[in-house]
1. Name the single residue, out of those in region 37-61 being at pLDDT below 80 and exposed (fewer than 11 other Cβ atoms within 10 Å of the Cβ), that is nearest to Gly23 (Cα to Cα).
2. Determine whether region 24-34 contains at least one residue that is modelled with pLDDT of 80 or more, surrounded by 14 or more Cβ atoms within 10 Å (Cβ to Cβ), more than 12 Å from the chain's Cα centre (by Cα) and not in a loop (DSSP other than H, G, I, E, B).
3. Can you work out which of the residues in region 1-21 that are assigned to a helix (DSSP H, G or I) and out of contact with any Lys or Arg (no Cβ under 6 Å at 6 or more places or on another chain) is farthest from Leu46 (Cα to Cα)?
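The values are calculated or read from the model by the stated rules, or taken from the named source; none is laboratory data. Since this is a predicted model, take the numbers as computed values, not measurements. Virtual Cβ from ideal backbone geometry, glycine too; neighbours counted across all protein chains shown.
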Amino acid sequence: MNREIDVRHVLPSIQVPTLIVHGTGDTGCTDRRGALHADRIGGARLVEISGGRQSMAGAEFDRGLDEVE
């Protein structure tokens, strides 16, 4: 269902600090969508977590939290 929502047209209007955390092991989002979204949001920072999935656990979860902090 979420795959049907296209937000690309609103991304350039985002005017707040934005962190995009993308897991490279996410099988539901394998097309580098995180990088594409970060490119469209001015000043966004992209963090790719190697092997991370959409539902991160263990070290992946801890790294994601560290980035948010």
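1. Ser50
2. No, region 24-34 contains no residue that is modelled with pLDDT of 80 or more, surrounded by 14 or more Cβ atoms within 10 Å (Cβ to Cβ), more than 12 Å from the chain's Cα centre (by Cα) and not in a loop (DSSP other than H, G, I, E, B).
3. Per the criteria, the residue is Glu4.
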